[in-house]
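This report concerns only the one structure given below.
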Ligand SMILES: N[C@@H](CCC(=O)N[C@@H](CS)C(=O)NCC(=O)O)C(=O)O
């Protein structure tokens with residue numbers, strides 16, 4: 001397998017999950033600062049021009065939830081998802097919230113051009129980032145993060161996904177003192193060998 005990623009982005013979740021599986025894989029760093037995600041070569045891999053993208057023997061997978069789910073089912077020995085169907089659905093409920101709401105809220109900081117054309121609109125969107133992200137993460141602390149991991153005692157693919165987005169909070173202007181459970185989760189993640197390897201890229 002070959003993972004196209006950038007550890008400053010949401011692709012960090014897939015990179016950590018790959019390391020958690022213990023599988024052998026190749027990584028290719030996509031230089032977002034240099035807009036490498038828009039190069040004709042990369043658009044041939046992911047026409048959406050986003051990271052991550054995972055090349056498998058069967059074909060290419062994009063979208064974090066799909067990549068994480070693929071890794072968890074391909075490497076069951078790593079026990080990265082609950083086997084109980086209800087708990088599995090709850091984990092996916094959380095992952096879907098991260099993908100469809102939390103990540104999209106964050107994107108309003110640097111990617112306002114997706115939703116508007118005027119500089120004043122971008123400024124207005126940026127002005128809401130800290131409040132939006134804080135509210136999302138307060139809900140996560142209240143409703144989802146069971147501790148020590150998202151799903152309780154079982155570490156799952158929801159954990160690297162949460163961790164990757166948590167790393168953006170300070171830059172988004174969120175006061176981490178307001179999020180003690182997230183702070184604890186991030187500290188526990190930072191202790192994992194897979195996370196250390198992923199961040200060493
Ligand atoms: N829904 C996708 C979103 C991927 C995404 O937006 N990746 C961002 C980095 S966090 C990206 O590649 N942005 C480059 C761009 O917008 O040009 C997923 O969850 O994988």
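Every residue, every condition in (1) farther than 21 Å from residue 102 by Cβ; (2) in contact with a strand residue (DSSP E or B) (Cβ under 9 Å, 6 or more places away or on another chain); (3) in the same structural domain as residue 95 (by TED's automatic domain parsing), yes or no:
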site	(1), (2), (3)
6	no, yes, no
17	no, no, no
38	yes, no, no
55	yes, yes, no
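Can you find a residue in region 1-14 that is more than 28 Å from residue 140 (Cα to Cα) and surrounded by fewer than 17 Cβ atoms within 10 Å (Cβ to Cβ)?
So far as region 1-14 goes, yes, one or more of its residues are more than 28 Å from residue 140 (Cα to Cα) and surrounded by fewer than 17 Cβ atoms within 10 Å (Cβ to Cβ).
Let's see how each residue does on (1) over 19 Å from the mean Cα position of the chain (by Cα); (2) part of a loop (DSSP other than H, G, I, E, B); (3) surrounded by 12 or more Cβ atoms within 10 Å (Cβ to Cβ); (4) within 9 Å of the ligand (Cβ to nearest atom):
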site	(1), (2), (3), (4)
18	no, no, yes, no
23	yes, yes, yes, no
47	yes, yes, no, no
66	no, no, yes, yes
88	no, no, yes, no
92	no, no, yes, no
104	no, no, yes, yes
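Could you tell me whether any residue of region 113-122 is in contact (Cβ under 8 Å) with a residue 60 or more places away in the chain, surrounded by fewer than 16 Cβ atoms within 10 Å (Cβ to Cβ) and more than 18 Å from residue 173 (Cβ to Cβ)?
No, region 113-122 has no match at all.
Look through 54, 71 and report the one residue that is under 17 Å from the mean Cα position of the chain (by Cα), outside any helix (DSSP H, G or I), crowded, with 19+ Cβ neighbours inside 10 Å and more than 8 Å from the ligand (Cβ to nearest atom). Walk me through it before giving the result.
Values: 71 fails: outside any helix (DSSP H, G or I).
Answer to the check: 54.
Anything in region 100-112 that is touching a helix residue (DSSP H, G or I) at 6+ places or on another chain (Cβ under 6 Å) and touching a residue at least 40 places away in the same chain (Cβ under 8 Å)? List them, or say none.
If we filter region 100-112 for residues that are touching a helix residue (DSSP H, G or I) at 6+ places or on another chain (Cβ under 6 Å), which is where we start, we get 102, 105, 108-109, 112.
If the condition is that a residue be touching a helix residue (DSSP H, G or I) at 6+ places or on another chain (Cβ under 6 Å) and touching a residue at least 40 places away in the same chain (Cβ under 8 Å), then 102, 109 are the ones that fit.
The values are calculated or read from the model by the stated rules, or taken from the named source; none is laboratory data. Bear in mind that the values here come from a model prediction, so they are computed numbers and not experimental data. Note that each Cβ is placed from the backbone with ideal geometry, even for glycine, and that neighbours are counted across all protein chains shown.
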